[in-house]
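This report refers to the structure that appears directly beneath it.
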Amino acid sequence: MKTLKTYLHEAEAVKLMLLGGPGSGKSTYSEYISKHFDIPHIYPGDMLRKSDDPEVKALLAKGEFAPLDVVVKLIKQEIAKAPNGYILDGFPRNLEQLKEMHGAGIEINRVIYLDVSDAEAIRRLTARGRADDTPEIVKNRLKVYERETGPVVDYYKGKKEFHSVKAEGGTPENIAQKIIRDIEE
């Protein structure tokens, strides 16, 4: 049975979803936020790569996606170890995942949308020098993001927990401080 103290603590916990397209800085800003609030950065892609589950290892070895129920299970395991809150990065990617997340009882009390222009995203990603970061490929990834994750952003727009942050035009530290202020308000 939960005590009043437990309920109050959970109400204060930062349960954050970070949304933004390729090159928006999700991982960069997650590091700042994670340190500031002392909460884990939960990135399902990394969790899957580090998983000891033989089924997950076999799927990843073939370049396939892990089933959604497996991803949700891993996220829930990480969340259970995070009493002060967490940052979800890269999940949910679409409305099906959002529905599954809600059904699994994964709570979110802040949604930060990192608003970055396509031109800035292309500039950032092509500067990394990876073979898969050509302007054409990045433009396609941006279209896929808009088609798949755009509806998730639209779902949260207008809700009290949604905050859009212009995540360009300043240093990463300054932008991270703005995000932290938005979370604390």
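The values are calculated or read from the model by the stated rules, or taken from the named source; none is laboratory data. Computed from a predicted model, the values in this text were never measured in an experiment. To get the accessible areas, we keep the full protein, side chains included, count just its heavy atoms, and leave off ligands, DNA and RNA. Shrake-Rupley method; radii C 1.70, N 1.55, O 1.52, S 1.80 Å.
Structural remarks
- Probe 1.4 Å, all protein chains present, accessible-area order of LYS143, LYS26, LYS76, largest first: LYS143, LYS76, LYS26
- Helix-only mean residue ellipticity at 222 nm for the chain, each DSSP H run of n ≥ 4 adding -39500 (n - 2.57), per residue, nearest 500: -16500 deg cm²/dmol
- Taking MET47, MET101 and ordering them by how much accessible surface each has at a 1.4 Å probe, largest first, produces MET47, MET101.
- Note on the range 1-122: antiparallel DSSP beta bridges, both residues inside, total approximately 0 percent of the bridges counted.
- Semi-axis lengths, largest first, of the ellipsoid equivalent to the chain are 26, 23, 15 Å, with √(5λ) applied to each eigenvalue of the Cα gyration tensor.
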